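The values are calculated or read from the model by the stated rules, or taken from the named source; none is laboratory data. Predicted, not measured: the structure shown is a model, and the values here were computed from it. FYI the Cβ positions are ideal-geometry reconstructions off the backbone, even for glycines, and counts take in every protein chain you see.
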Amino acid sequence: MQQGATLVFEGMVRDEEGGRPIRALNYEVYDPMASRMLTELAQQTLVRHELLALTVEHSQGEVAVGRRSFRLTVHAKHRKESLAAATEFIDRMKQDVPIWKTPLYG
């Protein structure tokens with residue numbers, strides 16, 4: 001069956017964190033564990049939702065307000081699977097993958 005949906009989700013750094021203005025977020029990544037876990041999570045999500053493809057990119061280090069820190073691209077047969085897969089992937093990544101963000105003020 002041919003692709004019917006491509007979903008691209010980009011996480012952008014907002015201008016506040018916890019109600020306080022920030023200039024950037026710093027992402028600390030425990031590599032290579034984080035890379036391995038992102039790959040495993042992508043494969044699990046691909047199989048569970050019967051996707052055609054899934055790619056993920058996550059920033060490391062300082063990311064300024066208004067810049068992209070995360071991109072998830074999901075290719076699926078149908079819209080419904082792509083939306084469910086994206087939501088599940090992001091929720092699990094935030095819970096399980098060793099990536100920590102620290103707000104940079106001022």
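Please go through segment 44-57 and pick out each residue that is within 14 Å of the chain's Cα centre (by Cα) and either without any contact (Cβ under 8 Å) to a residue 12 or more places away in the chain or closer than 13 Å to LYS77 by Cα (or both). Residue satisfying the conditions is LEU54 alone. Would a scan of segment 71-78 turn up a residue that is under 13 Å from the mean Cα position of the chain (by Cα), of a type outside the set (Lys, Arg) and more than 16 Å from THR6 (Cα to Cα)? The answer is no, given that none of the residues of segment 71-78 is under 13 Å from the mean Cα position of the chain (by Cα), of a type outside the set (Lys, Arg) and more than 16 Å from THR6 (Cα to Cα). You will find that of GLY66, GLY61, GLY18, the residue that is over 19 Å from GLN2 (Cβ atoms) and modelled with pLDDT under 95 is GLY18 and no other.
Filtering LEU83, LEU104, LEU25, LEU72 for residues that are modelled with pLDDT of 95 or more and in contact with a helix residue (DSSP H, G or I) (Cβ under 9 Å, 6 or more places away or on another chain) leaves a single hit, LEU72.
Looking at segment 74-93, which of its residues are closer than 17 Å to ARG36 by Cβ and exposed (fewer than 15 other Cβ atoms within 10 Å of the Cβ)? Result: ARG92, single match.
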